[in-house]
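The values are calculated or read from the model by the stated rules, or taken from the named source; none is laboratory data. Not measured: the values here are computed from a predicted model. Using ideal geometry, Cβ is built from the backbone for each residue, glycine included, and neighbour counts are taken over all protein chains shown.
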Amino acid sequence: MAEAGATAATVPRSAGYDRIAQAVHWLVAALAVTVIWLGWGIAWAPRNTPRRDLFVLIHESVGLTILAAMVFRAWWRRRHPPPPLPPGLSRLETGLAGLTHFAMYLLLIMMPLAGYSSTAAAGRAVSYFGVFSIPPLMPGNDRLSQVAIAIHLVGQYPLYVFVALHIAGALFHGFVRRDGVVERMLPLRRWPIGS
């Protein structure tokens, strides 16, 4: 236990993500929880009811917001590389962290694109919170619509796995290792005494 504390004390204060990266991370996390809850609401709501239509409208709108946030996040990350991981991590840990982040970026971009493609290929516009509509940017194609919705629906399961791995890794580093990995993404970082 003393060794974990000693490791944490060696993490410099400057080793955190910048405020923009932190804000977008937590925004996407909150939106992801919301869009999942709405997706489950759609599945349980009776068809052709105002409640289901509202769930669909908000689900699609939040999904498009996630898409925009993830595209911005990928652009920001490219221009502002993440801080280095602590040197004590094994190759397996750094590889798993890299794979998990890559998969979550990919899925959080692919799923909204697949959802939009399903709607657009069905010949329908997507309303963004009822403020404006995004017209179908592709010709109507029932087969493409079915493939896109299948990707959208199946994609949730690997996303759950990678999010669970991400959270498990954060909990492990935050409570077991105490090596400063979690603090890098916290807006108000708590640093160990002596750091």
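Do we have any residue at all in the range 150-164 that's among the β-branched types (Val, Ile, Thr), assigned to a helix (DSSP H, G or I) and under 20 Å from Gln22 (Cα atoms)?
Within the range 150-164, one or more residues are among the β-branched types (Val, Ile, Thr), assigned to a helix (DSSP H, G or I) and under 20 Å from Gln22 (Cα atoms).
Six or more apart or on different chains, Cβ atoms under 9 Å: show the pairs whose first residue is in the range 12-39 and at pLDDT below 95 and whose second is of a type in the set (D, E, K, R) and buried (at least 16 other Cβ atoms within 10 Å of the Cβ).
Filtered contacts from the range 12-39: Arg13/Arg189; Ala15/Glu183; Ala15/Arg184; Gly16/Glu183; Gly16/Arg184; Gly16/Arg189; Tyr17/Arg184.
Considering only the range 138-158, I want to know if a residue exists there that is in contact with a Phe, Trp or Tyr (Cβ under 7 Å, 6 or more places away or on another chain) and either surrounded by fewer than 16 Cβ atoms within 10 Å (Cβ to Cβ) or not basic (Lys, Arg) (or both).
no
Can you report the number of residues in the range 49-102 which are in a loop (DSSP other than H, G, I, E, B) and closer than 27 Å to Arg19 by Cβ?
10
So, in the range 40-76, exactly how many residues are of a type outside the set (Gly, Ala, Ser) and either in contact with a His (Cβ under 9 Å, 6 or more places away or on another chain) or touching a residue at least 60 places away in the same chain (Cβ under 8 Å) (or both)? Give the steps one after another, and end with the answer.
First, the residues of the range 40-76 that are of a type outside the set (Gly, Ala, Ser): 40, 42, 44, 46-60, 62, 64-67, 70-73, 75-76.
Next cut, either in contact with a His (Cβ under 9 Å, 6 or more places away or on another chain) or touching a residue at least 60 places away in the same chain (Cβ under 8 Å) (or both) only: 42, 57-58, 60, 64, 73.
Residues in the range 40-76 being of a type outside the set (Gly, Ala, Ser) and either in contact with a His (Cβ under 9 Å, 6 or more places away or on another chain) or touching a residue at least 60 places away in the same chain (Cβ under 8 Å) (or both): 6 in total.
Under 9 Å between Cβ atoms, which residue pairs at least 6 apart in sequence (or on different chains) link something in the range 84-109 that is farther than 30 Å from His59 by Cβ with a partner that is of a type in the set (S, T, N, Q)?
Partner pairs satisfying both residue conditions: Leu85/Thr94; Pro86/Thr7; Pro86/Thr10; Pro87/Thr10; Gly88/Thr7; Gly88/Thr10.
Can you tell me which residue within the range 16-62, out of those that are surrounded by fewer than 18 Cβ atoms within 10 Å (Cβ to Cβ) and among the charged types (D, E, K, R), is farthest from Glu183 (Cα to Cα)?
Residue satisfying both the conditions and the ranking: Arg47.
Would you be able to tell me the number of residues in the range 79-114 that are exposed (fewer than 11 other Cβ atoms within 10 Å of the Cβ) and under 18 Å from the mean Cα position of the chain (by Cα)?
Matching residues across the range 79-114 total 1.
Anything in the range 115-140 that is of a type in the set (Ser, Thr, Tyr) and under 21 Å from the mean Cα position of the chain (by Cα)? List them, or say none.
If the condition is that a residue be of a type in the set (Ser, Thr, Tyr) and under 21 Å from the mean Cα position of the chain (by Cα), then Tyr116, Ser117, Ser118, Tyr128 are the ones that fit.
Give me the pairs: first residue in the range 135-146 and closer than 12 Å to Thr119 by Cβ, second residue not small (Gly, Ala, Ser), beta-carbon distance under 7 Å, and six or more apart or on different chains, which are they?
Close Cβ pairs (under 7 Å, with a partner that is not small (Gly, Ala, Ser)) amount to Pro136/Arg124.
Go over the candidates Arg73, Arg52 one by one and state the one that is at pLDDT 95 or above and over 20 Å from the mean Cα position of the chain (by Cα).
Just a single option satisfies the conditions, and that option is Arg52.
Quick check on the range 160-184: of everything there that is buried (at least 16 other Cβ atoms within 10 Å of the Cβ) and among the aliphatic types (A, V, I, L, M), which residue is nearest to Trp40 (Cα to Cα)?
Ranking the candidates gives Val163 first.
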